[in-house]
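Below: the structure, in structure tokens.
The values are calculated or read from the model by the stated rules, or taken from the named source; none is laboratory data. Everything numeric here is computed off the predicted structure, so don't read it as measured data. Cβ coordinates were reconstructed from backbone atoms using ideal geometry, including for glycine residues, and neighbour counts include every protein chain displayed.
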Amino acid sequence: MSLTAAAALALILSFVISGMIAMWYLAPWLGKRRRAEALTFLLWTQVFRYVALQIFSAQQFGFGISDAGRDQIALGDVAGTILALLAIIALRYGLGIATVLTWVVVAETGWDLANVTVIGVREQLFAKAFGSTWLIVTFYAPFLWVTLALTVWQLLSRRREEPREATT
């Protein structure tokens, strides 16, 4: 099996499995939590996006990505990490800006994941990914898409709940 085929299969499996976990376990669990707690849980999955900084090491050791592509990926993910942390803090302390910050995380994450997909296709990164880069692309990125969808669902379906509700 080629690296591209293996990556595509892993990506599909990750989306399917993440979707099943989301529908069968996360959605019911989130529905039993206060809005702030549910959003906080989902935002924690975004915090670890700084793992993308490994792209500097990967490039140094042979991952064939352009400097511009590398920098866009790193910047987008570090920005996502910082924004998610700010939203979590706002939710934790019941700040009125929490909902806005969470929507900013959603917008930044959606844009960043789409941008990374374009970079990946343009630079044929599926065929070049190895090691931790391969795991991030085939495992973590699908999980981010699924939790992003859950975050949007929580924001829209529970928009009438008090946004200043702090978590304990």
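Taking the conditions exactly as written (in a helix (DSSP H, G or I), of a type outside the set (S, T, N, Q) and crowded, with 18+ Cβ neighbours inside 10 Å), does Val146 satisfy them or not?
On the way: in a helix (DSSP H, G or I): yes; of a type outside the set (S, T, N, Q): yes; crowded, with 18+ Cβ neighbours inside 10 Å: yes.
In short, yes.
Name the residue that is surrounded by the fewest Cβ atoms within 10 Å (Cβ to Cβ), counting only residues in the range 149-159 that are within 12 Å of the chain's Cα centre (by Cα) and of a type in the set (A, V, I, L, M, F, W, C).
It comes out as Ala149.
Scan the range 127-134 and tell me whether some residue there is within 21 Å of Leu26 (Cα to Cα), out of contact with any Asp or Glu (no Cβ under 8 Å at 6 or more places or on another chain) and buried (at least 16 other Cβ atoms within 10 Å of the Cβ). Taking every residue of the range 127-134 in turn, none turns out to be within 21 Å of Leu26 (Cα to Cα), out of contact with any Asp or Glu (no Cβ under 8 Å at 6 or more places or on another chain) and buried (at least 16 other Cβ atoms within 10 Å of the Cβ). Residues in the range 63-109 that are under 24 Å from Phe130 (Cβ atoms) and among the charged types (D, E, K, R): Asp67, Arg70, Asp71, Asp77. If we keep just the residues of the range 28-44 that are surrounded by fewer than 17 Cβ atoms within 10 Å (Cβ to Cβ) and of a type in the set (A, V, I, L, M, F, W, C), which is farthest from Thr81 (Cα to Cα)? Restricting to residues being surrounded by fewer than 17 Cβ atoms within 10 Å (Cβ to Cβ) and of a type in the set (A, V, I, L, M, F, W, C), the top hit is Trp29.
Considering Asp71, Asp112, which residue is of a type in the set (D, E, K, R), surrounded by 14 or more Cβ atoms within 10 Å (Cβ to Cβ) and either free of Cβ contacts under 8 Å to residues at least 40 places away in the same chain or under 15 Å from Phe48 (Cβ atoms) (or both)?
Asp112
If you check Thr81, Thr167, Thr147, Thr102 for being out of contact with any strand residue (DSSP E or B) (no Cβ under 9 Å at 6 or more places or on another chain), within 17 Å of Gln46 (Cβ to Cβ), of a type outside the set (A, V, I, L, M) and at pLDDT below 95, only one passes: Thr167.
Evaluated against (1) within 19 Å of the chain's Cα centre (by Cα); (2) outside any helix (DSSP H, G or I); (3) within 15 Å of Glu37 (Cα to Cα), Leu95 falls short on exactly one condition, (1). Look at (1) surrounded by 13 or more Cβ atoms within 10 Å (Cβ to Cβ); (2) farther than 28 Å from Ala90 by Cα and you find that Met20 fails only one, number (1). With respect to the conditions (1) in contact with a Phe, Trp or Tyr (Cβ under 6 Å, 6 or more places away or on another chain); (2) loosely packed, with under 14 Cβ neighbours inside 10 Å; (3) among the aliphatic types (A, V, I, L, M), Val78 falls short on a single one, namely (2). Filter the range 45-62 for residues that are within 12 Å of Gly131 (Cα to Cα) and surrounded by 20 or more Cβ atoms within 10 Å (Cβ to Cβ) and give the result. The answer is Ile55, Ala58. When residues in the range 50-101 are screened for being over 23 Å from Val137 (Cβ atoms) and in contact with a Ser or Thr (Cβ under 6 Å, 6 or more places away or on another chain), 4 of them pass. For the range 30-52, the set of residues classified as in a loop (DSSP other than H, G, I, E, B) and either under 9 Å from the mean Cα position of the chain (by Cα) or touching a residue at least 60 places away in the same chain (Cβ under 8 Å) (or both) consists of Arg34 only.
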